[in-house]
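Report on the structure given below.
Derivation of every value follows stated rules applied to the coordinates shown; laboratory data play no part. None of the values given here were measured: they were computed from a predicted structure. Note that we place each Cβ from the backbone using ideal geometry, even for glycine, and neighbour counts take in every protein chain shown.
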Amino acid sequence: MSDVFYVTTPIYYVNDRPHIGHAYCTVLADVLMRYHRLFDDETYFLTGVDEHGQKVEEAARKRGVDPQAHCDEMQAHFRDLWATLDVANDDFIRTTEPRHAAIVQEALQRLWEKGEIYLGEYEGFYSPRVEKFFSAEELVDGRCPESGGEVFRLKEANYFFRMSKYRDALVRHIEDHPDFIRPESRRNEVLGFLARPLGDLCISRPKARLSWGIELPFDRDFVTYVWFDALMNYVSAIGLYRDDERFRRLWGGVHHLIGKDILTTHSVYWTTMLMALDLPLPRHIVATGWWLVDQTKMSKSLGNVVDPLSLKDRYGVDSLRYFLMREMVVGLDASFSEVAFLKRHNYDLGNDLGNLANRLARLVQRSFGGRVPEAGPEAGPDAAVRAQAEALPGEVRRLVLDLRIEAAIETTMALARRINRYLTETEPFKAVATDPARAGHVVRHALEGLRFVLTLLWPVMPRKVEALLREMGAGGPVRRVEDLRWGGLATGAEVTLAGPPFPRFEVPKEVAEPAKSPAREEPGTPTSATVSYEDFRRLDLRAGTVVLAEPVQGSKKLLRLLVDLGEAEPRQVVAGVAQHVRPEDLLGRQVVIVANLEPRKVFGVESRGMILAASDDGALAVLHPSKPVKPGSRVS
Ligand code: MSP
């Protein structure tokens, strides 16, 4: 049964280089596309870059280059990364391309003529970090409710899209289509958002303030709001208003993959825009979770980015793709660490898959002239192994359609482990001497099973799988899973694999226990030798507000704190005060931090500073400023 599978990723801002968060979403799209190819669907895969708006303009200005030159340069980093990660996108759209801008203007003109857009006055707060407007009530402590970043008060004439009038129709659509927004928790989030009053959407920016955008076709003094422009990429790329037949065919099968932070723009802005344009709503919007490091979202602005390229260079593209897909449950957050990565690589790929292939290749080369032996009659556990392999494509398809990629991989790897067990049970290494025909049959049986494993891992690790299929005598990849038949392996085909396909790497030891803190001075003991004022000044002491306080899992003594020091993001600090103060007593209070202490890992959690406390007979009392001060105030 063939279907159309049109998959999109968000188009990424070119204010910075790509990081692992972008890589995850793009690789997920690629893996889904490849699974659907195996299932014989017609596939189309679109990704690209979001080049307009304040963020990008500012990034260009900071670098002292013209915005277009900046975009030309940055988009290449994304394209290059996708190519090196074996991402096989069909198209790569840039919002500065004329083919896109023309469609955005045409859509705006149509909406204007239909009365869906009107001129009004905007008053509110603008958050450049997420390129969105908020009302005073929506702000949190005077800052952006989504990013915690700075907001600016604005009052200006602007054009508005009549979004509010589509609210009821949208709620009905979401209620009638339970799998429209996935996972369900996100669907509920959107319904919750829509339960509150919905305003109209400001879709313009006066050129006087921002010129880096697509001009409104009906008022040259304004450019289009970057989200209106960006969302249109999903339709401009596939022929809206240009090739109706192609557009309708692909649009009918569209799956938008997005991060959970851009759920509202897709589920509310985009869907209502489509309604106003008389276009069908997308089939699925799938919101994924975030890759976290020490509970914090990985992104460039946090300076905690692991460059995906560096992992690929050290350990291989396929291992990286495997890790990203196996470790994250689509829709939930996952923690990234190099240790977790290396463990997956060693256990799953090195042991379960790599050893199996290598063991079989050595056996074939040593005892069967390097060629796939003949099949004999089935006996013992043979039928069970075959049955598990033959059931695999159906199982994987069911799981993939349910977006349970990690489970699809796990089910596939379970077959690899079953075949390893089969070899232990049947001992072909020994049987070669006594019953070579049976030994040959067993080896061939295991090779057949391995072919199923590899084929169903092809979407995840295309490069390695293609090589391994060749080296294990199974030719190129099967095009469709339907063609995967037990017994399809050619007798006499050469097995050329020359060594372990996934060499193991040493896993560095994790810090399991907190490093011993220096013994606290007892009260009454004489103070230490004097230090110079200059030495004292080398300590950067700051006052900040505790915005999160919680116990560190598995530790009685430690609390994890997030402290607002007036920096872009709150600081994470681990403090050994859990037996002296309750988290709720610290929350919202101000503390003093040694802000330039070398970061270190405590109980696996990174601590970037230390809070000051007085020690009275071992009882700790946390220091607080005597009156509230601006977060980040220097203490001296
Ligand atoms: N340009 C907009 C999207 C417009 S789509 C019409 C945008 N770009 S972005 O570059 O900031 O982010 C793109 C995607 O990357 C988002 O879906 C976001 O969730 C994802 N990620 C950014 N950091 C991430 C992680 N640490 N982990 C996983 N994905 C995250 O938003």
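Which residue, chosen from ALA276, LEU320, VAL254, occupies the Cα position most advanced towards the positive end of the dipole of the chain, where the dipole is computed from +1 (Lys, Arg) and -1 (Asp, Glu) charges on Cβ about the Cα centre?
LEU320
In percent, how large is the relative contact order of the chain, given Cα pairs closer than 8 Å and 6 or more residues apart?
Value for the chain: 12 percent.
Starting from the Cα of LYS132, draw a straight line to each of the lysines and keep only those under 27 Å, dropping any in the same chain fewer than 8 residues away.
Straight-line reach from LYS132, under 27 Å: LYS55, LYS62, LYS114, LYS155, LYS165, LYS207, LYS260, LYS297, LYS300, LYS630.
Once R0 is set to 25 Å, what does the formula 1/(1 + (r/R0)^6) return for the Cβ-Cβ distance between ALA195 and LYS165, expressed as a FRET efficiency to the nearest 0.05?
E between ALA195 and LYS165, to the nearest 0.05, is 0.90.
Considering the options LEU399, HIS441, ILE419, tell which one lies farthest towards the positive end of the dipole of segment 372-443, charges being +1 on Lys and Arg and -1 on Asp and Glu at the Cβ, about the Cα centre.
LEU399
Report, by chain and number, residues whose modeled amide H sits under 5 Å from the one on ASP3, excluding near sequence neighbours (fewer than 5 apart, same chain).
Residues meeting the criterion, in which the H sits 1.01 Å from N, are ASP41, GLU42.
For the ranges 260-269, 326-335, 62-71, what's the packing order if you count other beta-carbon atoms within 10 Å of each residue, average per peptide, and put the highest first?
The densest-packed peptide leads the list: 260-269, 326-335, 62-71.
Along the Cα→Cβ direction, 7 angstrom out, place labels at ASP278 and SER310. What is the inter-label distance in nm?
Label at ASP278, label at SER310, 5.4 nm between them.
For THR434 and HIS177 in the same chain, what is the full-extension length gain: residue separation times 0.36 nm, less their Cα-Cα distance, in nm? All intermediate terms of the calculation are to be shown ahead of the outcome.
On the way: separation 257, 0.36 × 257 = 92.52 nm, distance 6.23 nm.
Additional length available on full extension: 86.3 nm.
Can you tell me, using C-alpha contacts under 8 Å and at least 6 residues apart, the relative contact order of segment 519-636 as a whole percent?
Relative contact order comes out at 31 percent.
Antiparallel as a % of all DSSP beta bridges within the chain, to the nearest 5? Present the calculation step by step, with values, prior to reporting the outcome.
Details: 50 of 73 bridges.
The answer is about 70 percent antiparallel.
Which of the peptides 274-283, 139-148 is most tightly packed, and how do the rest follow, going by the mean number of other Cβ atoms within 10 Å of each residue?
The most tightly packed comes first, giving 274-283, 139-148.
Between GLU156 and ALA391, with labels modelled 7 Å along Cα→Cβ, what's the label distance in nm to one decimal, could you check?
6.2 nm
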